[in-house]
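Inspection log for the structure reproduced underneath, given as structure tokens.
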């Protein structure tokens, strides 16, 4: 299999082969990936993949209602947890994101409906020959970032938003010689 060049490790290969670029419409999974992409800022995705199970346990399986009510004691416990990225700003952002996420769900009916409007409800099918052709951000990611920031989300700059869009299948950025590109709708 000629995978995308970044998928080379014990963790990144199954993530690439089964998750990355697959359209996600489950609000809990969208919330998880939004926050994991933010946690990655300044780090590698491999680091986050290694900590993913610990994140799920630490953040109540990404239950936004529970996270929105975290208090100072819970924040202190999170900052002492070696299984996650112990960055005070990123932990605080996750709590703020939970509150903003719940508000978006209330306004739009689901976070999925809000998020997918930025690509017209269907994945953008790119046709990249090499990963170096993939931009760090796009106009759609810029618009998503602006909308999320306006609603109080944190760690949602355009680059993070584009990574989220790739992860949840809003864009198909598998390279054209990767079998996943065609499996996910590339032509």
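No lab work stands behind these numbers, since they all come straight from the coordinates. None of the values given here were measured: they were computed from a predicted structure. Positions of Cβ are generated from backbone atoms using ideal geometry, with glycine treated the same way; all protein chains shown enter the neighbour counts.
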| query | So how tilted is helix 139-150 from the main axis of the chain? Cα-based, degrees 0 to 90, rounded to 10. | reply | 10 degrees
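Using 1/(1 + (r/R0)^6) with R0 = 30 angstrom and r between the beta carbons of residue 77 and residue 110, what's the FRET efficiency to the nearest 0.05?
Values: r = 30 Å, r/R0 = 1.00.
Rounded to the nearest 0.05, the efficiency is 0.50.
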| field | Per-pair calculated FRET efficiency, R0 = 22 Å: residue 52 and residue 26 via Cβ, rounded to 0.05 | value | 0.90
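Calculate the all-directions average of the projected area of region 1-63's alpha-carbon convex hull, and give it in nm². Please report the intermediate quantities before stating the final value.
On the way: hull surface 18.7 nm².
Mean projected area of the Cα convex hull: 4.7 nm².
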| request: Pop a pseudo-label 7 angstrom from the Cα along the beta-carbon direction at both residue 149 and residue 136 and give the gap in nm to one decimal. | output: 1.5 nm
| said: Compute the helix-to-body angle for 45-58: its Cα long axis versus the longest principal axis of the chain, expressed 0 to 90° and rounded to tens. | reply: 40 degrees
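Using just the helices of the chain, give the 222 nm mean residue ellipticity in deg cm²/dmol: DSSP H runs with n ≥ 4 each add -39,500 (n - 2.57), and the total is spread over all residues, rounded to 500. Show your work: numbers first, answer last.
On the way: 10 runs with 102 residues, N = 187.
Result for the chain: -16000 deg cm²/dmol, rounded to the nearest 500.
Could you compute the FRET efficiency for residue 124 and residue 5, with r as their C-beta to C-beta distance and R0 at 25 Å, rounded to 0.05?
Numbers: r = 21 Å, r/R0 = 0.82.
That gives a FRET efficiency of 0.75.
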| task | Could you grab the relative contact order for the chain? Cα pairs under 8 Å, six or more apart, rounded to a whole percent. | result | 32 percent
